[in-house]
């Protein structure tokens with residue numbers, strides 16, 4: 001019995017001595033791998049993707065409309081031509097779906113200045129133009145809000161002092177940045193009235209600190225990307241003609 005015990009201890013010692021020691025990093029080496037334009041094309045792969053590439057390029061280069069000028073989100077202090085165009089498109093295209101589903105109409109639109117990612121250059125407007133201006137997958141949602149929350153939207157716009165795209169809203173600030181006029185659809189805001197405000201899913205979920213969309217009476221997901229709304233609109237209009245107007249201004 002004693003011999004067996006001694007043998008067992010010896011076996012344990014042998015096993016433990018055979019265990020590998022933990023590995024430690026002793027040296028780091030690196031080398032530069034140059035990238036050249038002479039990379040050989042895989043012809044089999046190229047054969048497969050070529051027709052798809054040709055079809056994609058054809059779709060992206062399709063002429064949809066025409067821009068008589070170049071429009072940028074920096075061409076105005078409180079509203080811009082391109083921002084007004086975006087908001088108007090969301091209203092026009094989004095309301096077609098919203099009205100058909102609910103028999104109601106959108107009262108106002110609020111988007112964000114930072115969501116406009118490119119200019120619209122003078123000349124032909126293509127599908128690619130829409131992808132450049134709106135590269136995100138944001139979709140239109142319509143939120144039912146009470147007048148008190150509409151007041152919060154007005155306060156937000158006043159505090160931001162930025163050309164966030166709006167439609168159906170008329171907001172005027174005085175020289176001290178105080179609200180002198182705030183209207184929805186040309187009328188004063190009624191505290192207990194329900195208004196239907198179109199925005200995108202990113203802003204609805206609190207993007208750009210827009211926290212006034214929740215809580216709400218209800219929300220309607222149109223499953224309609226803003227970019228697709230732009231494309232559909234451009235297809236219907238021979239020449240765009242957006243303008244800076246008086247929807248959000250400051251008196252001097």
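Only the coordinates and a few stated rules stand behind these numbers; no lab work does. Nothing here was measured: the structure is a model prediction, and the numbers come from that model.
With contacts taken as Cα pairs under 8 Å and at least 6 residues apart, segment 59-244 reaches a relative contact order of 36 percent. Classify segment 113-252 from the C-alpha gyration tensor, please: rounded if a/c falls under 1.5, else prolate or oblate depending on whether a/b exceeds b/c. Oblate is the answer for segment 113-252, as a/c is 1.5 or above yet b/c matches or exceeds a/b.
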